[in-house]
Amino acid sequence: MEYSERLKMLPVQFFASLVKKVNKAIAEGRDIINLGQGNPDQPTPNHIVKALQNAVEDPNMHKYSPFRGLQELREAAAHFYQTHYGVEIDPNQEVAILFGTKTGLVELPLCLLNEGDLMLLPDPGYPDYLSGAVLANVKYHLFPLKAENQFLPDFKSIAKEQVEAAKLMYLNYPNNPTGATADLAFFEETVRFAKENHITILHDFAYGAIGFDGKKPVSFLQAEGAKDIGVEMYTLSKTYNMAGWRVGFAVGNAKIIEALNLIQDHLYVSLFPAIQKAAVSALTEEQTCVVELVARYEKRRNALLAACQEIGWKVEAPAGSFFAWLPVPTGFTSEQFAELLLEKTDVVVAPGNGFGQFGEGYVRVGFLVDEDRIIEAVSRIGKLKLFL
Ligand SMILES: Cc1ncc(COP(=O)(O)O)c(C=O)c1O
């Protein structure tokens with residue numbers, strides 16, 4: 001028995017070898033500080049857990065969900081966009097419930113592109129974008145996100161033939177891995193670019209709740225005309241520490257939403273209804289848990305920046321997400337530097353080249369451990385005296 005060609009084409013999981021090394025080091029009893037991963041460390045807020053517990057007691061929740069999810073959840077998603085972004089969403093035509101947004105990101109090229117079509121993906125970027133392209137057997141062109149452009153794409157610098165051929169483009173702000181954010185003017189420019197060139201936009205708003213220094217991240221759908229040409233995907237994984245629950249949604253253009261719903265009619269019967277009920281509670285009930293979470297991340301970010309300054313590591317403050325994108329000292333590649341940190345300091349960071357060739361020269365540091373551990377990690381790195 002042989003695997004299909006398509007399966008064989010799936011990209012190698014770049015971080016798998018790092019995870020292996022980290023697990024080995026932990027098994028050896030070393031005091032590892034893992035800043036390399038993106039798994040929220042805080043528990044899901046209690047009122048959401050309680051909503052699941054209550055829902056699970058109800059036998060109606062044990063049946064198949066409606067194929068396109070509970071009406072209540074689609075309405076909660078629409079209500080959430082109205083409340084937080086002032087964006088009008090039709091719960092019946094403009095919301096698709098997703099098993100976490102990773103699923104939606106991978107499904108979308110299968111919905112909209114034919115074999116050999118072209119999509120535009122950010123470099124550096126979230127590695128699973130490539131998985132969707134490969135599964136749909138489409139081509140992709142990677143456009144660079146550079147420090148000199150605040151890690152936003154420079155639409156004018158993308159080659160004409162790529163722009164003309166492209167049918168779909170992925171964007172993600174607040175950005176993983178760079179921590180950059182986008183403003184409304186950028187999204188308005190995106191809408192113009194997309195309309196002029198007949199490109200559909202998927203904006204991945206995974207870190208939508210996490211903006212620092214009092215600046216709330218902007219939704220792509222706030223840009224006029226965005227719904228004509230795109231959708232946004234929103235996950236509950238980060239906003240409510242629900243990464244293990246697998247719940248998110250897409251909102252926006254009705255035709256794209258219908259395509260996502262259609263493919264999902266064939267792949268799934270939507271999520272466990274009790275989880276959908278808990279998601280309704282997350283989206284519609286008190287949001288102080290989110291305010292507290294963002295304050296916690298901001299404190300950790302500030303602790304990281306102060307510790308870096310102390311050891312002479314010149315770094316930019318991320319404006320959002322829970323990642324900092326830190327330059328590698330001269331003389332090292334990203335991978336060499338990450339390996340050195342693991343071997344000599346028991347600190348794990350994600351090498352930037354794992355997010356694409358334009359990630360070379362950086363490491364991604366997540367602030368998903370307590371402040372004292374962050375300070376301890378940077379102080380261990382300081383002892384290597386690489387930044388003097
Ligand atoms: C940029 C980005 N998009 C999407 C996801 C997927 O989130 P989920 O599948 O949990 O909704 C992640 C998770 O780490 C992410 O970093």
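Listed here are the residues, each with its yes/no results for (1) more than 16 Å from the ligand (Cβ to nearest atom); (2) in contact (Cβ under 8 Å) with a residue 60 or more places away in the chain; (3) farther than 16 Å from Gly252 by Cα.
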| residue | (1), (2), (3) |
| --- | --- |
| Phe67 | yes, yes, yes |
| Gly86 | yes, yes, no |
| Gln93 | yes, yes, no |
| Ile97 | no, yes, no |
| Val106 | no, no, yes |
(message) Considering only residues that are over 21 Å from the mean Cα position of the chain (by Cα), aliphatic (A, V, I, L, M) and surrounded by 18 or more Cβ atoms within 10 Å (Cβ to Cβ), which ones fall in segment 332-374?
(response) Ala338, Leu341, Leu342, Val347, Ile374
(request) Output the residue which, of all residues in segment 360-388 that are assigned to a loop (DSSP other than H, G, I, E, B) and among the charged types (D, E, K, R), is nearest to Pro124 (Cα to Cα). (result) Glu360
(request) From Pro109, Pro122, grab the single residue that is within 22 Å of the chain's Cα centre (by Cα) and either among the basic types (Lys, Arg) or farther than 16 Å from Val231 by Cα (or both). (result) Pro122
(request) Give segment 287-305 a look and list any residue that's in contact with a Phe, Trp or Tyr (Cβ under 8 Å, 6 or more places away or on another chain) and of a type in the set (Ser, Thr, Tyr), or say none. (result) Tyr297
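Values in this text are rule-based calculations from the coordinates and carry no lab data. Here the structure is a predicted model, which is why all the values come from computation and not from measurement. Neighbour counts are summed over all protein chains in view; Cβ atoms, including those assigned to glycine, are modelled from backbone coordinates with ideal geometry.
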